[in-house]
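What follows is a set of notes on a single structure, which appears directly below.
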Amino acid sequence: MHDREGSFPFENFAELREAGFYGLTVPQRYGGAEAPLAVYLGVLEELARGDGSTALAFMMHLKTFGQEREAPSYPERWFAHLCEGAVQRGELVNTVATEEGLGSPSGGGVPETVARREGDGWVLEGRKTFTTLAPVLHHFIVLARIEDGRSGDWPRIGNFLVCRGEPGLRIVETWDALGMRATGSHDVVLEGVRLPADRLLNEREAGSPDPRAGAGLAWFALGLCAVTIGVASAARDYAVGFARERTPNGLRPIRELPGVRSKVARMDLLLQRSRALMTDAERAWTGQTSEGMPPIDRVAVAKVETLNASIEAVELAMRVVGGVSLQRSRPLERYFRDVRAPLHNPPLEDRALEQLARRALDGAFEPPRAAE
Ligand SMILES: Cc1cc2nc3c(=O)[nH]c(=O)nc-3n(C[C@H](O)[C@H](O)[C@H](O)COP(=O)(O)OP(=O)(O)OC[C@H]3O[C@@H](n4cnc5c(N)ncnc54)[C@H](O)[C@@H]3O)c2cc1C
(Lines give C-alpha, C1' and ligand atoms only; values in the text may rest on other atoms or scores of the structure.)
Protein backbone atom coordinates (compact mmCIF):
# COMPACT_ATOMS: atom_id res chain seq x y z
CA MET A 1 0.00 0.00 0.00
CA HIS A 2 2.74 2.49 0.95
CA ASP A 3 4.75 1.51 -2.09
CA ARG A 4 1.76 2.00 -4.37
CA GLU A 5 0.88 5.40 -2.88
CA GLY A 6 4.41 6.56 -2.07
CA SER A 7 3.18 7.17 1.49
CA PHE A 8 5.26 6.84 4.65
CA PRO A 9 4.94 3.68 6.81
CA PHE A 10 4.31 5.48 10.12
CA GLU A 11 3.00 2.28 11.71
CA ASN A 12 6.27 0.39 11.03
CA PHE A 13 8.22 3.10 12.82
CA ALA A 14 5.74 3.10 15.70
CA GLU A 15 6.40 -0.64 16.06
CA LEU A 16 10.17 -0.22 15.86
CA ARG A 17 9.99 2.45 18.53
CA GLU A 18 7.68 0.36 20.70
CA ALA A 19 10.08 -2.60 20.45
CA GLY A 20 13.00 -0.43 21.56
CA PHE A 21 14.88 -0.45 18.26
CA TYR A 22 15.42 3.31 18.04
CA GLY A 23 18.32 2.93 20.46
CA LEU A 24 19.87 -0.15 18.81
CA THR A 25 23.18 1.51 17.92
CA VAL A 26 23.12 4.18 20.63
CA PRO A 27 25.99 3.76 23.13
CA GLN A 28 25.16 2.10 26.43
CA ARG A 29 26.26 5.18 28.36
CA TYR A 30 23.22 6.92 26.89
CA GLY A 31 20.86 4.02 27.48
CA GLY A 32 21.18 2.33 24.08
CA ALA A 33 21.97 -1.28 23.13
CA GLU A 34 25.32 -0.32 21.52
CA ALA A 35 24.86 -3.07 18.95
CA PRO A 36 28.05 -4.01 17.12
CA LEU A 37 28.27 -3.60 13.35
CA ALA A 38 27.39 -7.27 12.74
CA VAL A 39 24.16 -7.06 14.76
CA TYR A 40 23.17 -3.81 13.03
CA LEU A 41 23.64 -5.56 9.66
CA GLY A 42 21.61 -8.58 10.77
CA VAL A 43 18.72 -6.37 11.90
CA LEU A 44 18.72 -4.40 8.64
CA GLU A 45 18.76 -7.55 6.52
CA GLU A 46 15.82 -8.98 8.43
CA LEU A 47 13.84 -5.74 8.18
CA ALA A 48 14.56 -5.50 4.45
CA ARG A 49 13.14 -8.99 3.90
CA GLY A 50 9.84 -7.51 5.00
CA ASP A 51 10.10 -3.99 3.58
CA GLY A 52 13.10 -2.45 1.83
CA SER A 53 11.89 1.11 2.33
CA THR A 54 11.49 0.74 6.09
CA ALA A 55 14.92 -0.89 6.35
CA LEU A 56 16.72 1.74 4.26
CA ALA A 57 15.03 4.63 6.05
CA PHE A 58 15.71 3.18 9.49
CA MET A 59 19.33 2.57 8.50
CA MET A 60 19.77 6.32 8.00
CA HIS A 61 18.91 6.86 11.68
CA LEU A 62 20.87 3.90 13.10
CA LYS A 63 24.10 4.56 11.20
CA THR A 64 24.42 8.02 12.76
CA PHE A 65 25.19 6.51 16.17
CA GLY A 66 27.48 3.78 14.85
CA GLN A 67 29.57 6.33 12.97
CA GLU A 68 29.80 8.72 15.91
CA ARG A 69 30.60 5.92 18.36
CA GLU A 70 33.64 5.00 16.31
CA ALA A 71 34.80 8.40 15.17
CA PRO A 72 33.27 11.17 17.30
CA SER A 73 32.89 14.41 15.37
CA TYR A 74 29.95 16.10 17.13
CA PRO A 75 30.27 17.96 20.45
CA GLU A 76 29.48 15.44 23.21
CA ARG A 77 26.60 17.53 24.49
CA TRP A 78 24.79 17.33 21.14
CA PHE A 79 25.62 13.67 20.65
CA ALA A 80 24.11 13.01 24.09
CA HIS A 81 21.03 14.98 23.03
CA LEU A 82 20.62 12.87 19.85
CA CYS A 83 21.15 9.62 21.77
CA GLU A 84 18.75 10.45 24.58
CA GLY A 85 16.28 11.71 21.99
CA ALA A 86 16.34 8.30 20.27
CA VAL A 87 16.17 6.21 23.45
CA GLN A 88 13.91 8.27 25.71
CA ARG A 89 11.81 10.42 23.41
CA GLY A 90 11.57 8.31 20.24
CA GLU A 91 13.27 10.92 18.05
CA LEU A 92 14.83 10.06 14.69
CA VAL A 93 17.87 11.69 13.11
CA ASN A 94 19.33 11.82 9.60
CA THR A 95 21.84 13.66 7.46
CA VAL A 96 20.45 16.27 5.09
CA ALA A 97 23.24 16.80 2.58
CA THR A 98 22.23 16.26 -1.06
CA GLU A 99 21.06 19.17 -3.23
CA GLU A 100 19.82 19.45 -6.79
CA GLY A 101 22.86 21.42 -7.96
CA LEU A 102 25.43 19.71 -5.75
CA GLY A 103 24.40 16.13 -6.49
CA SER A 104 26.07 13.69 -4.14
CA PRO A 105 28.16 15.53 -1.52
CA SER A 106 30.56 12.59 -1.63
CA GLY A 107 31.93 14.24 -4.79
CA GLY A 108 33.46 16.94 -2.58
CA GLY A 109 31.43 19.83 -4.02
CA VAL A 110 30.31 22.92 -2.13
CA PRO A 111 26.64 23.10 -1.09
CA GLU A 112 24.52 26.04 -2.18
CA THR A 113 22.80 25.93 1.20
CA VAL A 114 24.50 28.61 3.21
CA ALA A 115 24.96 29.22 6.95
CA ARG A 116 25.60 32.94 7.53
CA ARG A 117 26.96 34.19 10.80
CA GLU A 118 24.59 36.84 12.17
CA GLY A 119 25.01 38.28 15.64
CA ASP A 120 25.67 35.41 18.04
CA GLY A 121 24.16 32.73 15.83
CA TRP A 122 23.60 31.37 12.32
CA VAL A 123 20.99 31.85 9.65
CA LEU A 124 20.47 28.97 7.21
CA GLU A 125 19.08 29.31 3.68
CA GLY A 126 18.81 26.62 1.04
CA ARG A 127 16.99 23.60 -0.31
CA LYS A 128 17.92 19.96 0.16
CA THR A 129 16.76 16.92 -1.79
CA PHE A 130 16.55 13.19 -0.91
CA THR A 131 15.91 13.72 2.82
CA THR A 132 14.98 10.19 3.86
CA LEU A 133 12.64 9.95 6.89
CA ALA A 134 11.50 13.56 6.33
CA PRO A 135 7.93 12.88 7.53
CA VAL A 136 9.12 11.73 10.96
CA LEU A 137 12.60 13.22 11.44
CA HIS A 138 13.14 15.19 14.60
CA HIS A 139 16.80 16.04 14.05
CA PHE A 140 18.02 17.25 10.65
CA ILE A 141 21.81 17.34 10.32
CA VAL A 142 22.16 19.89 7.52
CA LEU A 143 25.32 20.28 5.44
CA ALA A 144 25.90 23.94 4.54
CA ARG A 145 28.57 26.31 3.26
CA ILE A 146 29.85 28.49 6.09
CA GLU A 147 29.94 32.26 5.64
CA ASP A 148 31.32 33.85 8.76
CA GLY A 149 33.80 36.38 7.37
CA ARG A 150 36.81 34.15 8.09
CA SER A 151 38.85 34.00 4.91
CA GLY A 152 40.79 31.01 3.69
CA ASP A 153 41.90 29.44 0.45
CA TRP A 154 38.96 27.02 0.37
CA PRO A 155 35.29 27.44 1.26
CA ARG A 156 34.39 25.80 4.56
CA ILE A 157 31.43 23.52 5.01
CA GLY A 158 29.80 22.28 8.19
CA ASN A 159 26.97 20.20 9.63
CA PHE A 160 24.30 22.09 11.57
CA LEU A 161 21.70 20.63 13.88
CA VAL A 162 18.19 21.80 13.01
CA CYS A 163 15.19 20.50 14.96
CA ARG A 164 11.70 19.84 13.67
CA GLY A 165 9.39 22.77 14.24
CA GLU A 166 12.09 25.43 14.16
CA PRO A 167 10.81 28.45 12.22
CA GLY A 168 11.84 28.49 8.57
CA LEU A 169 12.19 24.69 8.21
CA ARG A 170 9.70 23.26 5.73
CA ILE A 171 9.24 19.88 4.09
CA VAL A 172 8.06 19.74 0.50
CA GLU A 173 6.68 16.34 -0.46
CA THR A 174 8.56 15.69 -3.69
CA TRP A 175 9.49 12.02 -3.29
CA ASP A 176 7.89 10.05 -6.12
CA ALA A 177 10.58 7.64 -7.24
CA LEU A 178 10.90 4.31 -8.98
CA GLY A 179 12.12 2.43 -5.91
CA MET A 180 12.21 2.76 -2.13
CA ARG A 181 9.01 4.72 -2.53
CA ALA A 182 8.03 4.54 1.12
CA THR A 183 11.17 6.19 2.51
CA GLY A 184 9.69 9.71 2.56
CA SER A 185 12.86 11.10 0.96
CA HIS A 186 11.39 14.55 0.37
CA ASP A 187 12.92 18.00 -0.08
CA VAL A 188 13.72 20.16 2.92
CA VAL A 189 13.57 23.93 2.52
CA LEU A 190 15.43 26.21 4.92
CA GLU A 191 14.23 29.82 4.83
CA GLY A 192 15.97 32.05 7.33
CA VAL A 193 16.33 29.29 9.94
CA ARG A 194 17.95 30.95 12.97
CA LEU A 195 20.19 28.78 15.10
CA PRO A 196 22.32 29.43 18.19
CA ALA A 197 26.08 29.46 17.58
CA ASP A 198 26.66 26.04 19.14
CA ARG A 199 24.49 24.19 16.57
CA LEU A 200 27.52 23.87 14.28
CA LEU A 201 28.38 20.21 14.92
CA ASN A 202 31.55 19.92 12.86
CA GLU A 203 33.31 21.71 10.03
CA ARG A 204 36.01 21.25 7.42
CA GLU A 205 37.35 22.69 4.20
CA ALA A 206 35.27 21.70 1.18
CA GLY A 207 36.86 18.74 -0.57
CA SER A 208 38.73 17.57 2.54
CA PRO A 209 37.84 14.16 4.01
CA ASP A 210 34.78 13.62 6.19
CA PRO A 211 35.84 14.07 9.85
CA ARG A 212 34.39 10.63 10.66
CA ALA A 213 36.83 9.16 8.10
CA GLY A 214 36.20 5.52 7.17
CA ALA A 215 33.64 4.99 9.93
CA GLY A 216 31.26 7.21 8.01
CA LEU A 217 31.54 4.97 5.00
CA ALA A 218 31.66 1.58 6.70
CA TRP A 219 28.38 1.91 8.65
CA PHE A 220 26.67 3.44 5.65
CA ALA A 221 27.91 1.23 2.82
CA LEU A 222 27.65 -2.05 4.72
CA GLY A 223 24.16 -1.05 5.87
CA LEU A 224 23.22 -0.72 2.21
CA CYS A 225 24.66 -4.19 1.55
CA ALA A 226 22.47 -5.65 4.30
CA VAL A 227 19.38 -3.92 2.94
CA THR A 228 19.91 -5.14 -0.62
CA ILE A 229 20.70 -8.68 0.53
CA GLY A 230 17.46 -8.62 2.54
CA VAL A 231 15.41 -7.50 -0.46
CA ALA A 232 17.08 -10.07 -2.75
CA SER A 233 16.56 -12.85 -0.18
CA ALA A 234 12.86 -12.06 -0.04
CA ALA A 235 12.74 -12.32 -3.84
CA ARG A 236 14.63 -15.62 -3.75
CA ASP A 237 12.29 -17.08 -1.13
CA TYR A 238 9.24 -16.00 -3.11
CA ALA A 239 10.61 -17.58 -6.30
CA VAL A 240 11.57 -20.81 -4.54
CA GLY A 241 8.12 -21.08 -2.94
CA PHE A 242 6.52 -20.42 -6.31
CA ALA A 243 8.70 -22.98 -8.12
CA ARG A 244 7.87 -25.67 -5.56
CA GLU A 245 4.11 -25.14 -5.98
CA ARG A 246 3.66 -24.18 -9.59
CA THR A 247 2.50 -26.97 -11.89
CA PRO A 248 1.09 -25.51 -15.09
CA ASN A 249 -1.93 -27.47 -16.29
CA GLY A 250 -1.27 -29.93 -13.51
CA LEU A 251 1.56 -31.45 -15.55
CA ARG A 252 5.24 -31.28 -14.54
CA PRO A 253 6.11 -29.02 -11.55
CA ILE A 254 8.39 -26.23 -12.77
CA ARG A 255 10.91 -27.07 -10.06
CA GLU A 256 11.88 -30.10 -12.15
CA LEU A 257 12.88 -27.95 -15.14
CA PRO A 258 16.65 -27.63 -15.56
CA GLY A 259 16.39 -23.91 -16.38
CA VAL A 260 14.48 -23.20 -13.17
CA ARG A 261 16.84 -25.34 -11.08
CA SER A 262 19.94 -23.57 -12.37
CA LYS A 263 18.40 -20.13 -11.78
CA VAL A 264 17.51 -21.03 -8.20
CA ALA A 265 21.01 -22.36 -7.62
CA ARG A 266 22.50 -19.21 -9.12
CA MET A 267 20.40 -17.01 -6.81
CA ASP A 268 21.77 -18.90 -3.81
CA LEU A 269 25.29 -18.54 -5.16
CA LEU A 270 24.88 -14.78 -5.55
CA LEU A 271 23.36 -14.35 -2.10
CA GLN A 272 25.96 -16.52 -0.42
CA ARG A 273 28.76 -14.56 -2.11
CA SER A 274 27.17 -11.27 -1.10
CA ARG A 275 26.83 -12.29 2.54
CA ALA A 276 30.40 -13.57 2.56
CA LEU A 277 31.73 -10.29 1.18
CA MET A 278 29.68 -8.20 3.60
CA THR A 279 30.86 -10.31 6.52
CA ASP A 280 34.45 -10.17 5.29
CA ALA A 281 34.32 -6.37 5.22
CA GLU A 282 32.61 -6.23 8.62
CA ARG A 283 35.23 -8.53 10.18
CA ALA A 284 38.09 -6.60 8.62
CA TRP A 285 36.58 -3.28 9.68
CA THR A 286 36.16 -4.46 13.28
CA GLY A 287 39.72 -5.83 13.39
CA GLN A 288 38.84 -9.52 13.39
CA THR A 289 40.99 -10.14 10.32
CA SER A 290 44.00 -8.14 9.24
CA GLU A 291 45.51 -9.86 6.23
CA GLY A 292 45.05 -8.87 2.64
CA MET A 293 43.15 -5.89 1.31
CA PRO A 294 42.72 -2.91 3.69
CA PRO A 295 39.33 -2.80 5.46
CA ILE A 296 38.08 0.35 3.74
CA ASP A 297 38.71 -1.21 0.33
CA ARG A 298 36.88 -4.36 1.38
CA VAL A 299 33.92 -2.13 2.23
CA ALA A 300 34.05 -0.73 -1.32
CA VAL A 301 34.28 -4.25 -2.78
CA ALA A 302 31.31 -5.41 -0.69
CA LYS A 303 29.15 -2.45 -1.72
CA VAL A 304 29.80 -2.87 -5.46
CA GLU A 305 29.58 -6.65 -5.56
CA THR A 306 26.62 -7.03 -3.21
CA LEU A 307 24.49 -4.50 -5.01
CA ASN A 308 25.14 -5.94 -8.44
CA ALA A 309 24.65 -9.51 -7.19
CA SER A 310 21.41 -8.60 -5.41
CA ILE A 311 20.05 -6.92 -8.53
CA GLU A 312 20.92 -10.02 -10.57
CA ALA A 313 19.34 -12.33 -7.98
CA VAL A 314 16.04 -10.42 -8.10
CA GLU A 315 16.05 -10.56 -11.89
CA LEU A 316 16.58 -14.33 -11.74
CA ALA A 317 13.70 -14.63 -9.26
CA MET A 318 11.45 -12.87 -11.76
CA ARG A 319 12.53 -15.19 -14.56
CA VAL A 320 11.72 -18.21 -12.39
CA VAL A 321 8.27 -16.89 -11.59
CA GLY A 322 7.62 -15.81 -15.16
CA GLY A 323 4.96 -13.43 -16.46
CA VAL A 324 3.03 -13.07 -13.22
CA SER A 325 6.16 -11.63 -11.59
CA LEU A 326 5.22 -8.36 -13.31
CA GLN A 327 1.89 -8.13 -11.52
CA ARG A 328 1.58 -5.46 -8.88
CA SER A 329 -0.46 -7.84 -6.76
CA ARG A 330 2.78 -9.79 -6.17
CA PRO A 331 5.84 -8.45 -4.35
CA LEU A 332 8.50 -9.25 -6.98
CA GLU A 333 8.13 -6.10 -9.05
CA ARG A 334 8.60 -4.05 -5.84
CA TYR A 335 11.76 -5.99 -5.00
CA PHE A 336 12.94 -5.36 -8.58
CA ARG A 337 12.54 -1.60 -8.10
CA ASP A 338 13.73 -1.37 -4.49
CA VAL A 339 16.91 -3.40 -4.92
CA ARG A 340 18.44 -0.96 -7.41
CA ALA A 341 17.87 2.28 -5.45
CA PRO A 342 20.99 1.93 -3.23
CA LEU A 343 23.12 1.98 -6.39
CA HIS A 344 22.71 5.75 -6.02
CA ASN A 345 23.88 5.96 -2.41
CA PRO A 346 27.57 6.31 -1.61
CA PRO A 347 29.98 4.89 -2.35
CA LEU A 348 28.83 5.05 -5.97
CA GLU A 349 30.30 2.33 -8.13
CA ASP A 350 32.65 4.51 -10.18
CA ARG A 351 34.08 6.10 -7.05
CA ALA A 352 34.47 2.75 -5.32
CA LEU A 353 36.33 1.37 -8.34
CA GLU A 354 38.52 4.48 -8.48
CA GLN A 355 39.37 3.93 -4.79
CA LEU A 356 40.55 0.40 -5.59
CA ALA A 357 42.40 1.50 -8.72
CA ARG A 358 44.21 4.27 -6.83
CA ARG A 359 45.71 1.84 -4.36
CA ALA A 360 46.74 -0.57 -7.08
CA LEU A 361 48.09 1.95 -9.58
CA ASP A 362 49.11 5.18 -7.88
CA GLY A 363 50.89 4.15 -4.65
CA ALA A 364 53.98 2.03 -4.10
CA PHE A 365 53.70 -1.32 -5.88
CA GLU A 366 52.22 -3.96 -3.60
CA PRO A 367 52.05 -7.48 -5.01
CA PRO A 368 48.80 -9.13 -3.91
CA ARG A 369 49.40 -11.33 -0.86
CA ALA A 370 47.79 -14.69 -0.51
CA ALA A 371 45.96 -15.15 2.79
CA GLU A 372 47.92 -17.48 5.02
C1 LIG B 1 16.71 6.01 -1.80
C2 LIG B 1 17.69 7.13 -1.57
C3 LIG B 1 17.78 7.73 -0.31
C4 LIG B 1 18.64 8.82 -0.10
N5 LIG B 1 18.69 9.40 1.14
C6 LIG B 1 19.47 10.48 1.36
C7 LIG B 1 19.49 11.14 2.62
O8 LIG B 1 18.81 10.74 3.56
N9 LIG B 1 20.25 12.26 2.76
C10 LIG B 1 21.02 12.75 1.73
O11 LIG B 1 21.70 13.76 1.92
N12 LIG B 1 21.04 12.13 0.53
C13 LIG B 1 20.29 11.02 0.32
N14 LIG B 1 20.28 10.40 -0.91
C15 LIG B 1 21.06 10.98 -2.00
C16 LIG B 1 22.29 10.19 -2.40
O17 LIG B 1 23.17 10.04 -1.32
C18 LIG B 1 23.00 10.91 -3.56
O19 LIG B 1 23.46 12.15 -3.12
C20 LIG B 1 22.05 11.12 -4.73
O21 LIG B 1 21.52 9.90 -5.14
C22 LIG B 1 22.73 11.82 -5.89
O23 LIG B 1 23.88 11.12 -6.23
P24 LIG B 1 24.47 11.10 -7.71
O25 LIG B 1 25.77 10.46 -7.63
O26 LIG B 1 23.46 10.59 -8.66
O27 LIG B 1 24.62 12.66 -8.03
P28 LIG B 1 25.64 13.41 -8.92
O29 LIG B 1 26.75 13.86 -8.05
O30 LIG B 1 24.80 14.43 -9.65
O31 LIG B 1 26.21 12.36 -9.96
C32 LIG B 1 25.59 12.05 -11.22
C33 LIG B 1 26.37 10.94 -11.87
O34 LIG B 1 27.73 11.36 -12.10
C35 LIG B 1 28.65 10.49 -11.43
N36 LIG B 1 29.70 11.31 -10.81
C37 LIG B 1 29.57 12.57 -10.31
N38 LIG B 1 30.75 12.99 -9.83
C39 LIG B 1 31.64 11.99 -10.03
C40 LIG B 1 33.03 11.83 -9.75
N41 LIG B 1 33.75 12.78 -9.18
N42 LIG B 1 33.61 10.64 -10.06
C43 LIG B 1 32.90 9.67 -10.65
N44 LIG B 1 31.58 9.77 -10.93
C45 LIG B 1 30.97 10.91 -10.63
C46 LIG B 1 27.82 9.77 -10.36
O47 LIG B 1 28.37 8.48 -10.06
C48 LIG B 1 26.47 9.65 -11.03
O49 LIG B 1 26.48 8.54 -11.88
C50 LIG B 1 19.44 9.30 -1.15
C51 LIG B 1 19.37 8.68 -2.42
C52 LIG B 1 18.51 7.61 -2.64
C53 LIG B 1 18.47 6.98 -4.00
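The values are calculated or read from the model by the stated rules, or taken from the named source; none is laboratory data. Owing to the predicted nature of the structure, the values given are computational and were not obtained by experimental measurement. So basically every Cβ, Gly included, is an ideal-geometry build from the backbone, and we count neighbours across all protein chains shown. Keep in mind that these areas ignore ligands, DNA and RNA; they rest on the heavy atoms of the full protein, side chains included. Shrake-Rupley method; radii C 1.70, N 1.55, O 1.52, S 1.80 Å.
A compact table of results
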| item | result |
| --- | --- |
| Accessible area (Å², per residue) of the chain, counting only protein heavy atoms and a probe of 1.4 Å | 46 Å² |
| Test item: Cα-centred dipole of the chain, Lys/Arg +1 and Asp/Glu -1 on Cβ, debye | 1120 debye |
| Dipole magnitude of region 2-91, debye to nearest 20 (Cβ charges: Lys/Arg +1, Asp/Glu -1, about Cα centre) | 240 debye |
| Positive-end residue, the chain charge dipole about Cα centroid, Cβ charges, pick of Trp285, Ile296, Val231 | Val231 |
| All Cα pairs of the chain, percent lying beyond 25 Å | 57 percent |
| Helix runs (DSSP H) in the chain reaching 27 Å along axis by Cα, Kyte-Doolittle at least -1.0 | 213-245, 258-285, 295-321 |
| Partner lysines for Lys128 [C-alpha distance under 21 Å; skip if fewer than 8 residues away on the same chain] | Lys63 |
| Calculated FRET value between Arg266 and Ser7, using beta carbons and R₀ = 35 Å, to 0.05 | 0.50 |
| For region 95-205: relative contact order, % (alpha-carbon pairs under 8 angstrom, 6 or more apart) | 31 percent |
| Distance in nm between pseudo-label sites at Asp148 and Glu245 (7 Å out along the Cβ direction from Cα) | 6.1 nm |
| Qualifying lysines (Cα of each under 28 Å from Cα of Lys263; at least 8 residues distant if same chain) | Lys303 |
| Descending semi-axes in Å of region 166-216, equivalent ellipsoid built from Cα gyration tensor | 26, 21, 9 |
| Rg to Rh, two decimals, where region 213-361 supplies the alpha carbon set and Rh follows Kirkwood | 1.07 |
| Charge context of Leu200, other residues only, Cβ under 14 angstrom, K/R +1, D/E -1 | +3 |
| Residue order for Trp154, Trp78, Trp219 - accessible surface, 1.4 angstrom probe, largest first | Trp154, Trp78, Trp219 |
| Accessible carbon and sulfur surface of region 239-284 relative to its total accessible area, %, 1.4 Å | 51 percent |
| Cα lying deepest toward the dipole's positive end in the chain, options Leu269, Trp219, Pro9, charges on Cβ | Leu269 |
| Residue-averaged 222 nm ellipticity for the chain, from DSSP H runs of 4+ at -39500 (n - 2.57), nearest 500 | -15000 deg cm²/dmol |
| Whole-number Å³ per residue for the convex hull built on Cα positions in region 2-91 | 92 Å³ |
| Average silhouette area of region 95-205, convex hull of alpha-carbon atoms, in square nanometres | 6.9 nm² |
| Region 1-160 - percent of accessible surface contributed by carbon and sulfur, probe 1.4 Å | 49 percent |
| Most to least accessible of Arg156, Arg252 (protein chains only, probe 1.4 Å) | Arg252, Arg156 |
